[in-house]
Amino acid sequence: MKQVSQAHLSEYDCKPDAIAVSPGRFHLAGEHSWFFKDKTLSMAVDLPVYIAVSARTDNSLRFYFPQLKERKKCGVPSMKFRREDKWANSIKAVIFGFEKCGIKFGGLSFTVWSDILPSAGFGINTAIKIASAAALGALYEGERKKINDDLVLRTVEIGNRQFLHCGNYIADNFSALFSVPGSLVLTDHAKMSFETIPFDFSEKTILLTDARVPRISVWNEDSLRQPENALLLGELKHPKPSVFGGWIYEESKTEINEVLSVVGEATQRRLFCIMKEHKCVLDAADAVRKRDFAAFARAVNESHSLMSELYEASCPEIDWINKRVCEMALVPDVHKPSACCRITGKGFGRCAYTILDSDKVDDFKKKLSEYERIFGFKTQTYTVKPSGCAYLETV
């Protein structure tokens, strides 16, 4: 907090009026399933984004990101999306959202402080939005002790849909706004609700790896996210009150093949992946509740296989990392895997998470050194812990 305050003072010659903090995040499974009203399992992590804001005497918006050494600016009346503004567009989207909710601001100065750059993923853009909304909410209300959650969620949704013209992923927002230290967030997209689950595996270490692989989409996800495909999967949903959300997918291959026979082979394969992924999310969440790491690891590793083989969201480089982790995980007991690894993020390729015994971290990093020699990409790895939600700092 001291660093962002000092950077803000140095840049604008005034102290911040409000400072908000929001955690980074990664999705353990289910991040591709939101369109089909399925579930996503997420973890907020201690990769914080700080947003400092102060009111200006003019009608200008100024944005400063010290780690990037970038400055952006525009006027409040002329504020619009500009591709070259990149990370600053996230803040402008939040301002736009507030205006649509009837809350007007004059000139503002912002400082963004994050040791993880938005290009790495890990929920940094969402954290910028949530922290900006929280800081602006405090600035408007003059109340620094609590965040109006409904206002923040509404503001971010409007900004995403109407300013950035992108999807509003509630699992992203929920994990930033409602996470609890030491827990996972399980989002139900059908009911727009969530549950926090204690992640009680203190003997494990959680690593996020930016594999530095260029993001290349081999197919367009929007081609799958069509109403007719959602209707097909809806036919294959059955009530089951005992599970989170109250339903599961059909398991009969005959029934599945009959319902999905009206679409092409590639679409069939990916819709089937969505169905299997739903089970992985439920299995992983149930294993965490029971503190059964082996069952959790099996669900995560199965999810990665689905993402690679059926959904085609992975890449050879991250598959290689996953395979090395799975080999480590089966020693000494093949029936009780001690580690898991999966691609993460809504994009295709680049980032993965690994959860393994703390005394195996050095072995994993040796594998990454081997990866770098084979593929030529220099990885960046972060050791993280489950974090709490966004909050306001006392200025």
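The values are calculated or read from the model by the stated rules, or taken from the named source; none is laboratory data. Since the structure is predicted, the reported quantities are computational estimates derived from the model, not experimental observations. Reconstructed Cβ throughout: ideal geometry from the backbone, glycine too, with neighbour counts over all protein chains shown. The protein model used for the area step is the full one, side chains on, heavy atoms only, and it has no ligands, DNA or RNA in it. Shrake-Rupley method; radii C 1.70, N 1.55, O 1.52, S 1.80 Å.
Within region 16-70, being out of contact with any helix residue (DSSP H, G or I) (no Cβ under 6 Å at 6 or more places or on another chain), of a type in the set (K, R) and touching a residue at least 24 places away in the same chain (Cβ under 8 Å) holds for K37, R56, R62. Between A127, A138, the distinction of being assigned to a helix (DSSP H, G or I) and touching a helix residue (DSSP H, G or I) at 6+ places or on another chain (Cβ under 7 Å) belongs to A127 only. If you scan region 339-360, which residues turn out to be open to solvent by less than 30 Å² (accessible area, probe 1.4 Å) and either in contact with a Pro (Cβ under 9 Å, 6 or more places away or on another chain) or assigned to a helix (DSSP H, G or I) (or both)? Correct list: G349 only.
Counting only residues that are more than 30 Å from F364 (Cβ to Cβ), under 18 Å from the mean Cα position of the chain (by Cα) and hydrophobic (A, V, I, L, M, F, W, C), region 191-236 holds 2 of them. Kindly check whether there is at least one residue in region 112-120 that is within 17 Å of the chain's Cα centre (by Cα) and in a strand (DSSP E or B). No - not one qualifying residue is present in region 112-120. Number of residues in region 147-182 that are open to solvent by 50 Å² or more (accessible area, probe 1.4 Å), part of a loop (DSSP other than H, G, I, E, B) and over 21 Å from F26 (Cβ atoms): the value is 2.
Where strands (runs of 3 or more DSSP E) fall wholly inside region 183-295, no range has 1 or more residues that are open to solvent by 60 Å² or more (accessible area, probe 1.4 Å) and at pLDDT below 95. For V180, the requirement of being closer than 29 Å to E277 by Cα and within 15 Å of the chain's Cα centre (by Cα) is not met. Among the conditions (1) of a type outside the set (D, E); (2) surrounded by fewer than 16 Cβ atoms within 10 Å (Cβ to Cβ); (3) at pLDDT 95 or above, the only one that P316 does not satisfy is (3).
The number of residues in region 17-35 being more than 26 Å from T354 (Cα to Cα) and open to solvent by less than 10 Å² (accessible area, probe 1.4 Å) comes to 3.
Checking the structure you have, find out if any residue of region 49-56 is surrounded by fewer than 24 Cβ atoms within 10 Å (Cβ to Cβ), farther than 22 Å from A390 by Cα and out of contact with any Asp or Glu (no Cβ under 9 Å at 6 or more places or on another chain). Yes, the conditions are met somewhere in region 49-56. Going by the structure shown, is T126 open to solvent by 10 Å² or more (accessible area, probe 1.4 Å) and in contact with an Asp or Glu (Cβ under 7 Å, 6 or more places away or on another chain)? It is true that T126 is open to solvent by 10 Å² or more (accessible area, probe 1.4 Å) and in contact with an Asp or Glu (Cβ under 7 Å, 6 or more places away or on another chain). For S90, the test of being free of Cβ contacts under 8 Å to residues at least 12 places away in the same chain and closer than 30 Å to L207 by Cα is failed. Residues in region 319-338 that are free of Cβ contacts under 8 Å to residues at least 40 places away in the same chain and open to solvent by less than 10 Å² (accessible area, probe 1.4 Å): A329 only. Residues that are surrounded by fewer than 15 Cβ atoms within 10 Å (Cβ to Cβ) and aromatic (F, W, Y) within region 69-89 comprise just one, F81.
Among the residues of region 90-123, the one identified as polar (S, T, N, Q) and surrounded by fewer than 22 Cβ atoms within 10 Å (Cβ to Cβ) is S119.
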